[in-house]
Structures are given as C-alpha cells and as structure tokens.
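*Asks:* One structure, pasted below without further comment.
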Amino acid sequence: MPIPYISIIMPVYKSEKYLKMSIESILRQTFTDFELLLVDDCSPDNSGAICDEYAKKDSRIKVLHLAQNGGAGNARNEAMKVVAGKYLCFIDADDYVNDDMLQKLAEAVTDYPAKVVIFGLVEEYFTENGEPLGNHAVCYYETKTLKTQQEVRNEVLNLEEIDFYGYPCNKMYDVEYLRSTGAFFPKMKFNEDIIFNIDFFMDVDSCIILDIAPYHYIKHSGSTTGSFIPTYFEDIMVKIDRLYDQFKYWNMLTDENLNFIAFRYVRYMFSALERNFDKRSGMNRKQRKEFLKNEFNSERYKRFEPYLYGNQYIGIMANIYKTKSVFLCLAFAKMISIIKNRFPSVFRKIS
C-alpha cells in the first residue's frame with residue numbers, strides 16, 4: 001500500500017447524527033493523498049456501523065473498533081500508534097471542513113516542511129435541537145513562517161490569547177517529530193488537548209501559521225464544552241501550571257509573560273467559582289468559602305499574586321481577586337453565574 005501524505009484521526013462516539021456529514025467533507029477534499037482512521041470508541045448507537053459502511057466504499061478509510069470506551073483522547077492515542085502518513089490532522093466526528101483544507105495544508109509545507117501547521121477555524125453554535133445560535137471565526141491575522149525555536153516560543157502566548165494554542169483540530173502535525181516528543185492525550189475529563197500541545201511544542205523549531213479558517217467546529221448546547229464538569233477546577237489548573245512550567249523551561253518567565261499567565265489563572269479561577277454556584281457542584285456557602293481560602297493559601301496564588309493587575313474586564317477580576325476578599329470574589333462570581341444563565345449571549349462576549 002502506498003504511504004499516504006496526510007493521516008486524519010477521527011474519534012467516533014454517539015455521532016450517528018453528524019458522522020456522515022463529517023466523513024463526506026473529508027471525501028470531498030481536492031487533495032486526495034490521505035488516509036482516514038475512524039476510531040469507534042464503543043459507541044452504543046449506529047456510529048460503528050456507519051464507519052464500517054464507509055470503509056467498504058473507500059480504501060483510504062480504516063476503522064479501529066476499541067474494546068472499551070476511553071474517551072476522545074484515548075481514541076486519538078490508539079490511532080496515533082498506527083497512522084502511516086507524513087503529517088497528521090485531527091477532526092471530530094460532529095465537525096466538518098472546507099473542501100480545499102488538505103490542499104492548502106499540503107501546499108503550505110511544500111516549500112518549507114515545518115513540524116506543525118496552524119490554521120483558523122469557525123466556531124458554530126447550535127441549540128440541542130440543531131437551531132443555529134451564530135458563529136465566530138477564530139483566525140490569525142496574517143500568514144507566518146517561524147523558522148527557529150525562539151520564534152515559535154515568542155508566538156505561543158499570541159496563539160493562546162486567541163485560544164489557538166490548545167486546539168488539536170486546527171493543526172497539522174509532522175508525525176515523525178510528534179512521535180519523537182512522546183506527546184499524548186492524558187486521561188482527563190477536560191482540557192487534555194492543551195496538555196498534548198504543550199508537550200508537543202516544548203522544543204518545536206519550525207511552524208507555519210495560515211490566515212485561513214477551513215475547519216468548522218460545532219458547539220451544541222449540552223455538549224462537553226457547555227456541560228457541568230466536576231473536575232473543571234483541577235483540570236484547568238493543570239493547564240495553568242503546565243504553561244508556567246513551559247515558560248520556565250524556555251527561560252521566558254518575564255514580568256509580561258507572567259502577567260499574561262496570571263490573567264489566564266484569574267479568568268479560570270472565577271470560572272471555577274461560578275461553577276461552584278451550580279447545584280450540581282453540591283457545594284454550600286461554607287464550602288465555597290473554604291474552596292477559595294484554600295486557593296488563596298496555595299503556592300500557585302503566591303506565584304501569580306504580584307502579577308494580578310491590568311485593565312478592562314479581566315483586570316477588574318484580577319484586582320478583586322488580589323484583595324483576597326472572600327465576600328467580593330464570591331459576589332462577583334455569583335454575578336457571572338447570573339449573567340451566564342439569564343443572558344448567555346452577553347456571557348459569550350465577555351468570557
């Protein structure tokens with residue numbers, strides 16, 4: 001069998017409603033030198049059968065039926081062991097891509113075979129009934145070719161600022177280099193994508209950023225991105241700690257960079273506090289106070305406290321958080337909770 005130029009991994013679980021749309025968007029690609037690995041994660045619906053149906057029709061499609069459900073990260077890990085392509089893309093089973101996406105990615109590395117290509121995406125919001133709620137393009141403002149480790153490292157916080165860094169679906173990875181890093185998706189309820197990318201980018205010395213948005217990332221009300229996650233605080237703080245460790249490894253813990261990471265920290269801290277007001281958290285007033293006091297006494301708070309300053313919405317949160325006032329912090333978090341539940345469109349704009 002000829003070696004494909006691009007491998008695509010698609011985890012599949014309870015996806016029968018959208019799976020055909022996603023697969024068809026790949027089969028319509030103007031660039032045809034690819035393999036598609038469909039990973040059936042013990043899906044209880046008809047998704048596995050749909051995968052087998054497409055595999056019979058197209059020799060470029062392979063199906064992995066996992067023995068037990070392990071989540072999207074585990075499904076990607078299993079498929080990464082067997083991909084044959086020079087480059088690798090991840091596509092989710094309820095998303096779709098433009099017909100020329102692979103063509104543009106392949107063209108990007110023709111003259112300069114970078115270790116990773118980053119591109120934009122369009123976030124499309126829908127209700128549980130499939131009614132559209134709007135969309136939001138997340139795209140870099142210019143095409144860039146980064147040819148040294150330092151150039152890549154200098155760009156990371158710019159990528160993180162527009163939420164580009166964490167996505168695996170807006171990147172094409174060099175498979176040989178990926179395997180050399182040992183990067184994999186950890187077993188987490190939430191946030192495993194950013195940990196995978198932090199591990200991958202530790203020593204990357206070449207990267208192409210494209211000013212295109214060919215990937216359509218579908219967000220449904222009630223999906224993982226919008227549902228209650230009991231381990232949210234623990235998982236999101238792993239991201240903060242790992243970003244700090246990465247910049248320490250790079251010898252880039254400048255005041256400016258620490259201020260940026262501190263902003264991320266306070267933003268996620270208030271997000272966690274807001275979630276603690278959800279009935280599903282099982283937390284009462286006393287427990288919320290203890291939760292906050294414990295974080296005030298943590299090494300993480302002490303590390304970032306000197307850098308909690310700034311303007312606008314995040315700056316307000318940082319200044320409130322820096323007071324260490326349990327009353328003010330919880331009152332502000334309660335206000336966020338009210339806005340999130342009663343005025344979701346406003347919440348999306350400010351969050």
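*Asks:* Kindly provide the set of residues from region 100-134 that are exposed (fewer than 15 other Cβ atoms within 10 Å of the Cβ) and under 18 Å from residue 214 (Cβ atoms), ordered by number. So that I can check it myself, show each step before the final result.
*Replies:* First, pick out the residues of region 100-134 that are exposed (fewer than 15 other Cβ atoms within 10 Å of the Cβ): 107, 110-113, 127-134.
Answer for region 100-134, where residues must be exposed (fewer than 15 other Cβ atoms within 10 Å of the Cβ) and under 18 Å from residue 214 (Cβ atoms): 107, 110.
*Asks:* Taking only region 302-321 into account, find how many residues are assigned to a helix (DSSP H, G or I) and surrounded by fewer than 18 Cβ atoms within 10 Å (Cβ to Cβ).
*Replies:* Residues of region 302-321 that are assigned to a helix (DSSP H, G or I), as a first pass: 302-307, 312-321.
In the following step, the residues that additionally are surrounded by fewer than 18 Cβ atoms within 10 Å (Cβ to Cβ) were identified as 302-303, 305-306, 312-316, 319.
Number satisfying all stated conditions: 10.
*Asks:* Quick one: in region 178-191, which of the residues that are buried (at least 18 other Cβ atoms within 10 Å of the Cβ) and either modelled with pLDDT of 95 or more or within 19 Å of residue 258 (Cα to Cα) (or both) is nearest to the chain's Cα centre (by Cα)?
*Replies:* Checked region 178-191; the qualifying residue nearest to the chain's Cα centre (by Cα) is 185.
*Asks:* Can we say residue 200 is in a helix (DSSP H, G or I), surrounded by 20 or more Cβ atoms within 10 Å (Cβ to Cβ) and in contact with a strand residue (DSSP E or B) (Cβ under 8 Å, 6 or more places away or on another chain)?
*Replies:* Details: in a helix (DSSP H, G or I): yes; surrounded by 20 or more Cβ atoms within 10 Å (Cβ to Cβ): yes; in contact with a strand residue (DSSP E or B) (Cβ under 8 Å, 6 or more places away or on another chain): yes.
In short, yes.
*Asks:* Quick check: anything in region 269-292 part of a helix (DSSP H, G or I) and over 24 Å from residue 234 (Cβ atoms)? Break it down stepwise before answering.
*Replies:* Of the residues in region 269-292, the ones part of a helix (DSSP H, G or I) are 269-275, 279-281, 285-292.
Still in the running and over 24 Å from residue 234 (Cβ atoms): none.
No, region 269-292 contains no residue that is part of a helix (DSSP H, G or I) and over 24 Å from residue 234 (Cβ atoms).
*Asks:* Still on this structure, please answer the following. What residue, of 327, 263, is outside the structural domain of residue 199 (by TED's automatic domain parsing) and either outside any helix (DSSP H, G or I) or free of Cβ contacts under 8 Å to residues at least 24 places away in the same chain (or both)?
*Replies:* 327
*Asks:* Anything in region 120-149 that is of a type outside the set (Ser, Thr, Tyr), assigned to a loop (DSSP other than H, G, I, E, B) and within 27 Å of residue 254 (Cα to Cα)? List them, or say none. Quick ask: steps written out before the conclusion?
*Replies:* Residues of region 120-149 that are of a type outside the set (Ser, Thr, Tyr), as a first pass: 120-124, 126, 128-139, 142, 144, 146-147, 149.
Still in the running and assigned to a loop (DSSP other than H, G, I, E, B): 120, 128-131, 139, 142, 147.
Correct list: 139, 142, 147.
*Asks:* Which count do you get for residues in region 126-164 that are without any contact (Cβ under 8 Å) to a residue 60 or more places away in the chain, of a type in the set (D, E, K, R) and more than 24 Å from residue 17 (Cβ to Cβ)?
*Replies:* So the answer is 4.
*Asks:* Another question, then. When you go through 129, 98 one by one, which is the residue that is of a type outside the set (A, V, I, L, M, F, W, C), assigned by TED's automatic domain parsing to the domain that holds residue 204 and modelled with pLDDT of 95 or more? So that I can check it myself, show each step before the final result.
*Replies:* Numbers: 129 fails: modelled with pLDDT of 95 or more.
None of the others qualify; the one that does is 98.
*Asks:* Another question about this same structure. All but one of (1) loosely packed, with under 13 Cβ neighbours inside 10 Å; (2) more than 15 Å from the chain's Cα centre (by Cα) hold for residue 161, so report the exception by its number.
*Replies:* Single failed check for residue 161: (2).
*Asks:* Of 251, 197, 191, which residue is outside the structural domain of residue 281 (by TED's automatic domain parsing) and at positive phi?
*Replies:* On the way: 251 fails: outside the structural domain of residue 281 (by TED's automatic domain parsing); 197 fails: at positive phi.
Answer to the check: 191.
*Asks:* Residue 152: assigned to a helix (DSSP H, G or I), under 24 Å from residue 260 (Cα atoms) and in contact with a Leu (Cβ under 6 Å, 6 or more places away or on another chain), yes or no? Give the steps one after another, and end with the answer.
*Replies:* On the way: assigned to a helix (DSSP H, G or I): yes; under 24 Å from residue 260 (Cα atoms): yes; in contact with a Leu (Cβ under 6 Å, 6 or more places away or on another chain): yes.
It is true that residue 152 is assigned to a helix (DSSP H, G or I), under 24 Å from residue 260 (Cα atoms) and in contact with a Leu (Cβ under 6 Å, 6 or more places away or on another chain).
*Asks:* Looking only at region 161-177, which residues are in a helix (DSSP H, G or I) and modelled with pLDDT under 95?
*Replies:* So in region 161-177, the residues in a helix (DSSP H, G or I) come out as 161, 175-177.
Listed by number, the list holds a single entry, 161.
*Asks:* Still on this structure: Considering 31, 90, which residue is more than 20 Å from residue 178 (Cα to Cα) and in the same structural domain as residue 184 (by TED's automatic domain parsing)?
*Replies:* On the way: 90 fails: more than 20 Å from residue 178 (Cα to Cα).
Residue meeting the stated conditions: 31.
*Asks:* Follow-up. Would you be able to tell me the number of residues in region 42-93 that are touching a Ser or Thr at 6+ places or on another chain (Cβ under 8 Å), surrounded by fewer than 17 Cβ atoms within 10 Å (Cβ to Cβ) and among the acidic types (Asp, Glu)?
*Replies:* Looking only at that region, the number is 1.
The values are calculated or read from the model by the stated rules, or taken from the named source; none is laboratory data. Quantities reported herein were computed from a predicted structural model and do not represent experimental measurements. Every residue, glycine as well, gets a Cβ built from its backbone with ideal geometry; the counts of neighbours run over all protein chains shown.
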